[in-house]
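Right, one structure below, let's go through it.
Here, each number is a calculation from the coordinates, and none is a lab measurement. Predicted, not measured: the structure shown is a model, and the values here were computed from it. Cβ: placed from backbone, ideal geometry, glycine included. Neighbour counts: every protein chain shown.
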Amino acid sequence: MPKNIYIVTLGCAKNRVDTEVMLGILTKKGYEIVLNPEEADIIIVNSCAFISDAREESIETVMELSAIKKKEKEKSLVLAGCLSQRYAKVLKIFFPEVDKFIGPGQVDRIAEILESDKKFFIGNPSRFLYDHTMPRILTTGYYMAYVKVAEGCFRKCTFCIIPKLRGRFRSRSIDSVYEEVKGLASTGIKEINLIAQDLTSYGRDLNDGTSLYHLLKRLVLVKGIEWIRMLYLYPEPSLFTPELLSLIANEEKIVKYIDIPVQHISSRILKMMGRNYSREEVYDLIHLLRDKVPGVVLRSTVMVGFPGETEEEYNELLDFISDIRFDWLGAFSFSNELGTKASHLKPQFTKTIKDKRKRKLMHIQKRITREKNLSLVGKTVDALIEFINEDKDFIARHKGQAPEVDGVLLINGDTQPRFNPTKVKIKKAYYYYDLIGEIVE
């Protein structure tokens, strides 16, 4: 008799891909997916442990699902992902209800692991890298998919635990990525979001000339794919070569959207973070991107409350945000992660101070994003419709909106689109982040 599985995914899009691979492997083995944990024989939490907020969310989720396991002891509760990789031996004490702990390097063994009597499957996080031959069950709808082109990281950012949780940086071959994208296109996928911990470094570990430029040159040949978006581009200026920028600017399928997580603008703070660029190089790179890719949409991520961040350096960051006017921006507070170099730096700030700094920064950015959205009113954009909400409105995104992290475009459902992506006229900026539009026939 087939067993029912329920999986909840927390954290980043890279974790989502791991979940999709696990779902693909398990369904191929005869397991059936359910959307209610009460109906499941096996409950899997694919966790995140990047920063304290992510850990707390993962632990709260395990607590909620442990309550189900306590009532129905025949169910199996599995903790997978980065939280398991980092804290399995400790968590087994606090969560005796968890039957198995699985690290991200064991994703391909999920079916074997569920049949095993062993409890811990952690091991080397670098042992696994999925490829086009592995089954996947998409959880992102009918038209969009994430494609993870590399795993792990070789950077030495002093605040980041990811290399210890995800292993060394390792790239897939261009052929593997191409075959996967071609397969996704055959199912109706229109948008591909390329992801990695450090997308700009794609191919550097292969030592055979493979690069992001060569990957993109190949992917634009896939019939059926209309949007190719790049996420998580480490802002090392030397990696944004003239040929790469020319390709982004001139290839219709490549979305003019660049996500560069700069983290800060103070050269002193950047050096303490282990980022190998300066304030001047960040400004030069942004001006270069806007010059070489006309109309480019820029997204970034910054950190507040890094140990020793002075008021002057914080204000320098605020001035940078006001000056550069990113289209989209994410901000997070420094999280003291044991095992990182920054965990020993002084002084460390209280949560109250970090939250205050984050709120003030995001208040500035919200106004900027709303002004950017207001400038779109009256214009016609290409929009990808993803689903219909309870009010029978279409929920879509234009090219300048990345999935899950940016705003959305709401479209009145009275007019049915003939194509997807479709032409939409922007009618209104809705609050800070979203837009309202209508289909142009």
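Numerical summary
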read-out	value
Exposed trypsin sites (Lys or Arg not before Pro) absent: longest stretch of the chain, with sites in DSSP loops and at most 10 other Cβ within 10 Å deemed exposed	224-391
The chain: Cys lacking any partner C-beta under 4.7 angstrom	Cys12, Cys48, Cys82, Cys153
Hull volume in cubic angstrom per residue (convex hull over the Cα atoms of region 380-439)	78
Scattering profile of region 285-344 at q = 0.27, 0.28 Å⁻¹ [log10 I(q)/I(0), Debye over alpha-carbon scatterers]	-1.13, -1.17
Stokes-Einstein translational diffusion, region 19-130 - Kirkwood Rh over all Cα pairs, 0.890 mPa s, 25 °C, in µm²/s	173
Kirkwood-Stokes translational diffusion coefficient of the chain, alpha-carbon pairs, 10 °C, 1.306 mPa s, µm²/s	69
Average silhouette area of region 329-415, convex hull of alpha-carbon atoms, in square nanometres	8.8
Whole-Å distance, taken between Cα centres, linking region 383-441 and region 179-233	25
Potential extension, Tyr431-Ser238 segment - 0.36 nm per residue separation minus Cα distance	65.7 nm
Mean separation of Cα contacts under 8 Å, 6 or more apart, over the residue count of region 196-317: relative contact order %	24
FRET efficiency, 1/(1 + (r/R0)^6) with R0 41 Å, evaluated for Glu312 and Asp382 via beta carbons	0.45
Rounded Å value of the spacing that divides the Cα centres of region 57-110 and region 317-345	30
Potential lengthening between His214 and Glu179 on full extension [0.36 nm per residue; Cα-Cα distance subtracted]	11.1 nm
Span from the region 251-287 Cα centroid across to the region 111-178 one, whole angstrom	25
Rel. contact order, % - alpha carbon contacts under 8 angstrom, at least six apart, the chain	10
Normalised convex hull volume, region 306-371, alpha-carbon set, Å³ per residue	86
Against the rule of thumb 2.2 N^0.38 Å, how large the Cα Rg of region 175-238 comes out	1.14
Sorted by Cβ neighbour density within 10 Å, fewest at the top, the residues Leu194, Leu318	Leu318, Leu194
Rule-of-thumb Rg ratio for region 121-175 [Cα; 2.2 N^0.38 Å; N residues]	1.35
Cα-based Rg of region 48-201 normalised by 2.2 N^0.38 Å, two decimals	1.15
Unit charges on C-beta of K, R, D, E only; dipole of the chain, Debye	740
Normalised per residue, the volume of the convex hull around the Cα set of region 144-374 (Å³)	129
Set of lysines with alpha-carbon distance to Lys70 below 17 Å, sequence-local pairs under 8 removed	Lys92, Lys100
